[in-house]
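Notes follow once the structure below has been shown.
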Amino acid sequence: MSEPENLQARLRKAALLVDYQDLLAVLELRFGSIPDGTLEEIARITRLETLERLILAAANAPTWKDFQVELQAGDAAFKILGNTFVPEGEPSPPSPTTPEINSFSDTIRDVPDD
């Protein structure tokens with residue numbers, strides 16, 4: 001393996017380790033203790049994209065069961081879709097054309113420069 005390839009492989013391993021740690025930290029914060037079987041499943045993941053998707057799923061899944069569905073999807077899933085990941089009782093963020101944003105933009109525009 002050439003030196004650039006070796007460096008690239010080491011950087012990839014470091015990125016995987018950081019993502020593993022981030023995923024486990026989010027899961028513990030959201031759901032408490034992580035079952036051994038789930039830890040083993042996560043340890044078998046080798047794609048950064050999958051870990052990154054699972055970090056988002058762990059942060060947004062309303063229940064442990066919903067996170068498990070994402071985990072079971074493996075590499076096949078590429079987006080988190082559906083109402084499962086919309087926090088209950090939370091309204092959708094306003095679109096850029098809502099009056100609140102437009103009036104805020106107008107207010108900023110009207111502030112004189114010093």
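Read-outs throughout are calculated quantities, based only on the coordinates presented, and are distinct from any laboratory measurement. Keep in mind that what you see is a predicted model, and the values were worked out from it rather than measured. Counting neighbours? That spans all protein chains shown, and the Cβs are built from the backbone with ideal geometry, glycine included.
Restricted to Cα positions, what overall size does the range 3-82 have along the principal axes? Three whole-Å values, descending.
For the range 3-82, the Cα extents along the three principal axes come out at 45, 26, 19 Å.
Please give, to one decimal in nm, the separation of the simple spin-label points placed at Arg30 and Ala15, each 7 Å out from Cα toward the Cβ.
Taking the simple label geometry, Arg30 and Ala15 are separated by 2.2 nm.
What does the charge count around Leu23 come to, taking other residues whose C-beta lies under 12 Å from its C-beta (Lys +1, Arg +1, Asp -1, Glu -1)? Provide the component values of the computation, followed by the final result.
Numbers: positive: Arg30, Arg53; negative: Asp19, Asp22, Glu28, Glu41, Glu52, Glu70.
Here the charged neighbours net out to -4.
Report the extension gain between Asp22 and Ala76 in nm, rounded to one decimal, defined as 0.36 nm multiplied by the number of residues separating them, less their alpha carbon distance. Walk me through the intermediate numbers first.
On the way: separation 54, 0.36 × 54 = 19.44 nm, distance 2.13 nm.
Gain on stretching Asp22 to Ala76: 17.3 nm.
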